[in-house]
Amino acid sequence: MLSLLCVATIVGLFGSATVTLGQARDGLDVLGRDAGPQAMATTELYLALADMDARVVNILLMGTDHDLGSGREESEAGYESSRGQANEALLQAASLTEGDTVEEYNVQAVLDGIGAYEQLAAEARLLNDEAGAPPGEVDPEALRSYRQATRLMHTELLPKAFNLGLDSSAIVRTNHEEGQSAVAMGLVWVGGVGVATVAALIALQLYLRVRFRRRFNAPLLVATVGAMVLTVGVTLALNSSGGHQSEAKDEGLDAAMALARAGAITTDMQADQSRYLIDDVFADNYQQVYLERSQQVLFRPASTLEDYYAEIGEVSEAFPELPGSDGSDSRDPGTLGYLGQSAQEALLPGQEDALAEVLSAYNDVQVEDQRLRAAARDGDLEAAIDVRMGVSHTEEGVFPAYMDALDGLIDLHREEFTDGIDRGDAALAPWTWGLPVGALILLTLVVIGVRPRLAEYR
Amino acid sequence: MWFGRRRAWSVAALVATATLVLSACSAEDEKSLVDADSLTIGVKADQPGLGLEEGGELVGFDVDMAHEIAERMGITDVELVGVTSAEREDKLISGEVDMVVATYSITPARKTEVTFGGPYYVAKQDILVRADENEVSGVRDLAGRSVCQGEGSNSALRITDGLGIDVSELQEAESYSACIERLAEGEVDAVSTDNLILAGFLAEDPDAFQFVNNPFTDEKYGVGLPYGDVAACEAVNKAVSEMYQDETASVLLDEWFGETGLEVVRSVPQFEGCD
């Protein structure tokens, strides 16, 4: 009877450990190769859309001078490429949100919206070309079409795209947490069955000792120790793989997605410079919106752009200290936003330089903004347009330089993500063969331990 | 001898296993409002059109929003309590209210203490003038005119400092309703704050005032939640998305602000994100 119980518990240990290890592997798989990368791709939808609108407004701003900045052709090519990226990201989003009606509706709405946007944007470009509008003096009809286009972009497309990105984060989080709690439940089983196995083996040992007056039964003793090793080993492996998975999500994927959002918002924000220059009626609004987007990217308490420039200059100088974060001034909440405290907290040791570079590149963008608005205020439209087209210049512009620095930092977090997933897999890997082999050895040991006694009994 | 040692071993293994299991479980034991049976929601009690106590009952756009969101989260037992602007953080942090839907603008500073679902609407700063005023069509026309703002607000600062507009006088009143009274009596030329708040006052007396309809900032009205309740934040976002998709939000906007000439946005706002 007891020997049968031992066999049953060993089989149970094997079973529960196999199931739980399988769940842990699935969790890593979904996060690492399925939902995770899809969520990252969805996050890029916003970037692609914001870039499309940025290209359009730049083309309008350039007017007849096709050689401003890195040229009209480059803007047109950039537009097409972002258009393609938006499509690609929408496909990813569609596959990630399948079955969720709210999200499917959003994907469809963005798809339809892109069509309407493209029409308005093409109309604006055509009207402006036909009117032969010089740089900075967009044809009024063209401007009317562009206002409609950018309004559509900012009230319909971008919010939905941004929300889709957030939803994909939510899907990843839910998957991750459900997976982790399934594994936690599995751990309880493995632990429980493991303890039962050890107890059964000890009981068998004691029984044989009393019944046959042997000092101890070596195979059973080895089996007992083996069962403990197996239980503790599997538990430790599951625990460490779960830890790696959480690291991959928090410091890898989540951090990378947050920074990608910062890049997308900055893309829209630098386009506000062009909108500010082409639209006198709404220039104040575009300036205010520019400040608000800037505050989202990197927050310092400032109610005007002039104050903000000064504060941002300090942040980049003070780094790795973040101004206001010591709590000494109760009115100063600290250095917040995507590039502020949260970016610093998500950093792994040795990555400070990458963030320092991003902050300094961001400051460069703001320094140029200050020059641009000063020129515009002085009525020197030509100089302002030069600054603006310089900012987005493919090779020398401060904005592409900032995006490069940001991409460098994002790549570090992406590496952390794939490394975390790999480490999680590696922690589980030995048990793929270790568990069945271990269980077989245990069973063999029990048989070896019990058989001679059975013979004696007969 | 053997026996004792072995027992020590097994006890050690048991303790180790139990500890690991417990540590794995505690991580998911965080409470979330999504699992709650009832909710206490803080709304304004003195803001016409948004949250106003009327005959012992709280009514307004925020109030309706609060009910809709709770219902879509699957919670029907909802108690509404009035909160003032100054109390919002404290009451949320102390747990006196579970949720705040009270013209609560999402700001980076507040996000360090409160998790925000939504925004459920992005209000814009705008300007209200008397109905007979026909020389103010944009914020720049406020140069040389007087502007009133509520105490502790910095909406007028955006006009003076932010845009460098030279107003003749900057008045501060104890509340925006006091500003509106001054506007009605001709003591001040314009009142500037969030357009939904202005629309609420305007709806009470549609013939007395008019909007300039030149919005120049975003005020993201968020749903204040206990800090770190990501699951509730995601549930709120889902509820808000649904409300815009099935046009509930649009109907509510019309119901409360339809007659004011306010240009409302009828598509879902860009959410803030839950972390």
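The values are calculated or read from the model by the stated rules, or taken from the named source; none is laboratory data. Keep in mind the model is a prediction, meaning the values are calculated, not measured. Every residue, glycine among them, receives a Cβ derived from its backbone with ideal geometry; neighbour counts consider all protein chains shown. Ligands, DNA and RNA are excluded from the accessible area calculation, which covers all protein heavy atoms including side chains. Shrake-Rupley method; radii C 1.70, N 1.55, O 1.52, S 1.80 Å.
Set side by side, the residues B:GLY228, B:GLY200, B:GLY224 differ, and just one is crowded, with 18+ Cβ neighbours inside 10 Å and not in a helix (DSSP H, G or I), which is B:GLY224. Taking the criterion of being without any contact (Cβ under 8 Å) to a residue 40 or more places away in the chain and assigned to a loop (DSSP other than H, G, I, E, B), the only residue of region A:101-140 that qualifies is A:ASP139.
Given the structure, is B:ILE41 outside the structural domain of B:SER175 (by TED's automatic domain parsing), under 22 Å from B:VAL268 (Cβ atoms) and in a loop (DSSP other than H, G, I, E, B)? No: the conditions fail for B:ILE41.
I'd like to verify a number: residues in region B:116-137 that are open to solvent by 10 Å² or more (accessible area, probe 1.4 Å) and in contact (Cβ under 8 Å) with a residue 24 or more places away in the chain, how many? Number satisfying all stated conditions: 7.
Among the residues making up region A:357-394, a single one is under 17 Å from A:TYR290 (Cβ atoms) and in a loop (DSSP other than H, G, I, E, B): A:SER392.
Does A:PHE216 meet the test of being among the aromatic types (Phe, Trp, Tyr), over 18 Å from the mean Cα position of the chain (by Cα) and facing chain B (nearest Cβ under 9 Å)? So A:PHE216 passes the test. Does at least one position in region A:224-240 carry a residue that is under 25 Å from the mean Cα position of the chain (by Cα) and surrounded by fewer than 23 Cβ atoms within 10 Å (Cβ to Cβ)? Checking region A:224-240: at least one residue is under 25 Å from the mean Cα position of the chain (by Cα) and surrounded by fewer than 23 Cβ atoms within 10 Å (Cβ to Cβ).
Considering only region B:207-214, I want to know if a residue exists there that is surrounded by 20 or more Cβ atoms within 10 Å (Cβ to Cβ), among the aliphatic types (A, V, I, L, M) and in contact with a strand residue (DSSP E or B) (Cβ under 8 Å, 6 or more places away or on another chain). Yes, that holds for at least one residue.
Restricting the first member to region B:82-106 and to residues that are touching a residue at least 60 places away in the same chain (Cβ under 8 Å), and the second to residues that are among the acidic types (Asp, Glu) and open to solvent by less than 40 Å² (accessible area, probe 1.4 Å), the beta-carbon pairs closer than 7 Å and six or more apart or on different chains are B:VAL101/B:ASP62; B:ALA102/B:ASP62; B:THR103/B:ASP62; B:THR103/B:ASP194; B:SER105/B:GLU219; B:ILE106/B:GLU272.
Only residues that are surrounded by fewer than 22 Cβ atoms within 10 Å (Cβ to Cβ) and either of a type outside the set (Val, Ile, Thr) or more than 30 Å from B:GLY138 (Cα to Cα) (or both) were counted in region B:258-269, giving 6. A single member of A:THR394, A:THR418, A:THR444 is open to solvent by 50 Å² or more (accessible area, probe 1.4 Å), farther than 23 Å from A:ALA248 by Cβ and touching a residue at least 40 places away in the same chain (Cβ under 8 Å), and it is A:THR394. Scanning region A:52-91 for residues that are crowded, with 21+ Cβ neighbours inside 10 Å, under 29 Å from the mean Cα position of the chain (by Cα) and over 20 Å from A:LEU126 (Cβ atoms) yields a total of 3. For region B:186-220, a tally of residues being within 14 Å of chain A (Cβ to nearest Cβ) and either more than 15 Å from the chain's Cα centre (by Cα) or modelled with pLDDT of 95 or more (or both) returns 7. Regarding region B:242-251, can at least one residue be identified that is more than 14 Å from every other protein chain (Cβ to nearest Cβ), surrounded by fewer than 20 Cβ atoms within 10 Å (Cβ to Cβ) and without any contact (Cβ under 8 Å) to a residue 12 or more places away in the chain? The answer is yes; a qualifying residue exists.
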